[in-house]
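The values are calculated or read from the model by the stated rules, or taken from the named source; none is laboratory data. Just so it is clear, the structure is predicted and the values come from calculations on it, not from any experiment. Every residue, glycine as well, gets a Cβ built from its backbone with ideal geometry; the counts of neighbours run over all protein chains shown.
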Amino acid sequence: MEAGRRGFLKLAGICTLGLAAKPAVNLLWGDHLEAAQVSPNPGALAGKKWAMVVDMKKCWEKGKEGCKDCLQVCHRVHNVPDVGNVKEEIKWIWTEHYQNAFPGQENEFAEEVVKDKPFIVLCNHCTNPPCVRVCPTQATFKRKQDGIVMMDFHRCIGCRYCMAGCPFGARSFNYRDPRPYVKQDLNMTFPTRERGVVEKCNFCEERLAVGLLPACVEACKVGALTFGDQSDPKSPVRKLLSSNFTVRRKAELGTQPNVYYII
Amino acid sequence: MLEKAFKGDQRYHRWVLTLLGLIGLGFACYLLQFNKGLSITGMSRDVSWGLYIAQFTFLVGVAASAVMVVLPYYLHDVKAFGKITILGEFLAVAAVTMCLLFIVVDLGKPMRLLNVLLYPSPNSILFWDMIVLNGYLLLNIVIGWNVLDAEKRSVAPPHWVKPLIYISIPWAVSIHTVTAFLYAGLPGRHYWLTAIMAARFLASAFCSGPALLILLCFILKKFTRFDAGKEAINKLSQVITYAMIISVFFVGLEIFTAYYSGIPSHTHALQYLFFGLEGHRKLVPFMWLFVILAVVALALLINPKTRENEKTLIPACVAVFFSMWLEKGLGLIVAGFIPNPFDVVREYTPTPPEILIVLGVWATGALVLTLLYKVAVTVKEEKMG
């Protein structure tokens, strides 16, 4: 067979096309491997759609004033740094005033019951999360089995599109190396982050995986935080939702937040 | 052909060296950012995109200069544009190069950039923006270079270039539309959540890009033997006039909807930009400068006497370019984050290293443009004999 220059170039061209075709085929018809896919632990807490109910009334009435147990334990177990300035603040769960947590809902002569009271805010693990929609690398993704909105810190390119997309300000970016700012003893069972990636609350997926409730829920002494499976009618979350009037932050945007508030 | 870019007089070498100096300075600052993180910029948890992404957005518009000469020339046979299509295409190459660089310098993890290709995510508008921008860059390099090469050898351009030229016209529209969709589809960013965002991008692109092109034509006329011709400049200035009127009209539409409806979330960003919000008013002087420049530009452009006079057309083009830069390259992106999702105003001020990185990227674009224009103009000068 004569292998002329023309024939060789043709063959090389077809081979190159073949190489380019594989990712394209994968994209359109391939099996998508989710980031951080692991085989389940038999002792893990299982749910189809995790949700949290935050009973602010209970928190204010029964809790000690200025109690920060839930916030501190979360930041401790997740090695959240304290950078020490507002500009680069990293936070997973924190408090806001009513008019900040629910902007546009405030009344001029606000009820004393909400005025100056702290509201616990965290990632809402939306059913229809804009952060997942906008991420160009699927570094933030919605876990299929239970709906937790998760982050792969090793895939994130730090474009911060998710921060523009999130209407709840739930996401923080590591503007600098966070490790020197982890003030408490490191939790060796949870990764620290690198500079240049985004992070946020993960509904304690690492604790659910070993059969534990989220750290904030466990830490609250007055039981103001309730965690459970929304798809299970007998779950504690569903009981609270059916017997109380609850609100969600910015529900009108259609992201379907899965954190509910009893006020 | 490229060798022509390296032969020039002393003035040319001095200009290239100045640009290289600025690039070096910007690169040094980028190394600092690479080592310390984006912490060295003025961006924050609240205003998480700043000058970099704003420049990127503005420069996507400048890249449109190409289509505003290519479309009339190839679809409507406007012969006057024949001489300057190459200038439009090469300006697009330089502008898109800057766009891509601004995206890269904005990344927290630039070494993971290729994750965008490894994990293609069609649900993300950024994925599509990557495709349309790189495609537009490639189209303009291939078209510009081949047409110029044919001109040099006094032959017709290869036949396969024509379809690429036709593709490049809707493609230019796509880069603005997709870039506008980056912003216009986000819930909770009310200043950006507007259906006319893409239309606004197109209108402002079609005035700022050609305005720069006219200025560049005048510079070339001054320093080289290349003259774009009176007719081309006149036609281009008409395009700018209409695009500028539409652009300002669109800004007016946003202001009407926000203020007449009176919905707080819609008025807040405009309030912050033009009057200040809760005592924060850093961008107010810039936005009023935008208004003044826009009015001056319109006054000079709408009047045919001043539009056709070189002495007044130049300041008009400068006014168009800077007013659009203020509106898009400064106000639009930053104000989208103000107030933040908690209805609190946290302002943004770029830091000196951040500004030097921005200057470095602009200098890189200017260098690419200089080299490409040097090649194009030398070819054209040789033809003139």
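Here A:Lys183 fulfils each of the conditions (1) more than 23 Å from A:Ser39 (Cα to Cα); (2) surrounded by 23 or more Cβ atoms within 10 Å (Cβ to Cβ); (3) of a type outside the set (Asp, Glu) apart from (2). Would you say A:Gly47 is surrounded by 15 or more Cβ atoms within 10 Å (Cβ to Cβ), within 28 Å of B:Ser121 (Cα to Cα) and at pLDDT below 95? For A:Gly47, the condition - surrounded by 15 or more Cβ atoms within 10 Å (Cβ to Cβ), within 28 Å of B:Ser121 (Cα to Cα) and at pLDDT below 95 - is met. Might you let me know whether segment A:195-213 holds any residue that is under 21 Å from A:Glu61 (Cα atoms), exposed (fewer than 15 other Cβ atoms within 10 Å of the Cβ) and modelled with pLDDT under 95? No: zero hits. Yes or no: A:Val182 in contact (Cβ under 8 Å) with a residue 24 or more places away in the chain, away from chain B (no Cβ under 14 Å) and under 22 Å from A:Lys142 (Cβ atoms)? Considered against the rule, which asks whether it is in contact (Cβ under 8 Å) with a residue 24 or more places away in the chain, away from chain B (no Cβ under 14 Å) and under 22 Å from A:Lys142 (Cβ atoms), A:Val182 comes out as no.
Taken as a whole, the structure places B:Glu278 among residues that are at positive phi, of a type outside the set (Lys, Arg) and in contact (Cβ under 8 Å) with a residue 24 or more places away in the chain. Residues satisfying the criterion are present in segment B:32-41 (criterion: within 14 Å of chain A (Cβ to nearest Cβ), surrounded by 16 or more Cβ atoms within 10 Å (Cβ to Cβ), part of a helix (DSSP H, G or I) and free of Cβ contacts under 8 Å to residues at least 12 places away in the same chain). Just to be sure before I move on: is A:Val259 under 28 Å from B:Asp343 (Cα atoms), more than 14 Å from chain B (Cβ to nearest Cβ), out of contact with any Pro (no Cβ under 6 Å at 6 or more places or on another chain) and crowded, with 21+ Cβ neighbours inside 10 Å in the structure I sent? In short, yes. Taking first residues from segment A:227-250 that are farther than 15 Å from A:Ile263 by Cα and surrounded by fewer than 16 Cβ atoms within 10 Å (Cβ to Cβ) and partners that are modelled with pLDDT of 95 or more and of a type in the set (Ser, Thr, Tyr), the Cβ contacts under 7 Å between residues at least 6 apart in sequence or on separate chains come to A:Pro236/A:Thr226. Checking B:Ala184, B:Ala150 one by one, the residue that is in contact with a helix residue (DSSP H, G or I) (Cβ under 6 Å, 6 or more places away or on another chain), aliphatic (A, V, I, L, M) and over 18 Å from B:Met98 (Cβ atoms) is B:Ala184 and no other. Checking segment B:307-315 against the condition returns a match, with at least one residue being closer than 30 Å to B:Leu101 by Cα and either basic (Lys, Arg) or touching a residue at least 40 places away in the same chain (Cβ under 8 Å) (or both).
The residues on offer are B:Tyr183, B:Tyr166, and the sole one that is hydroxyl-bearing (Ser, Thr, Tyr) and either modelled with pLDDT of 95 or more or under 30 Å from B:Gly385 (Cβ atoms) (or both) is B:Tyr183.
Of the candidates B:Trp171, B:Trp145, the single residue that is assigned to a helix (DSSP H, G or I) and in contact with a helix residue (DSSP H, G or I) (Cβ under 6 Å, 6 or more places away or on another chain) is B:Trp171. I'd like to know if segment B:359-371 contains one or more residues that are within 14 Å of chain A (Cβ to nearest Cβ) and either not in a loop (DSSP other than H, G, I, E, B) or not acidic (Asp, Glu) (or both). No, that holds for no residue. Taking only segment B:183-196 into account, find how many residues are more than 14 Å from chain A (Cβ to nearest Cβ) and surrounded by 23 or more Cβ atoms within 10 Å (Cβ to Cβ). Adding up the residues that qualify gives 0.
Among residues belonging to segment B:96-139 that are assigned to a loop (DSSP other than H, G, I, E, B) and within 23 Å of the chain's Cα centre (by Cα), point out the one that is surrounded by the fewest Cβ atoms within 10 Å (Cβ to Cβ). Across segment B:96-139, the extreme among qualifying residues is B:Leu113.
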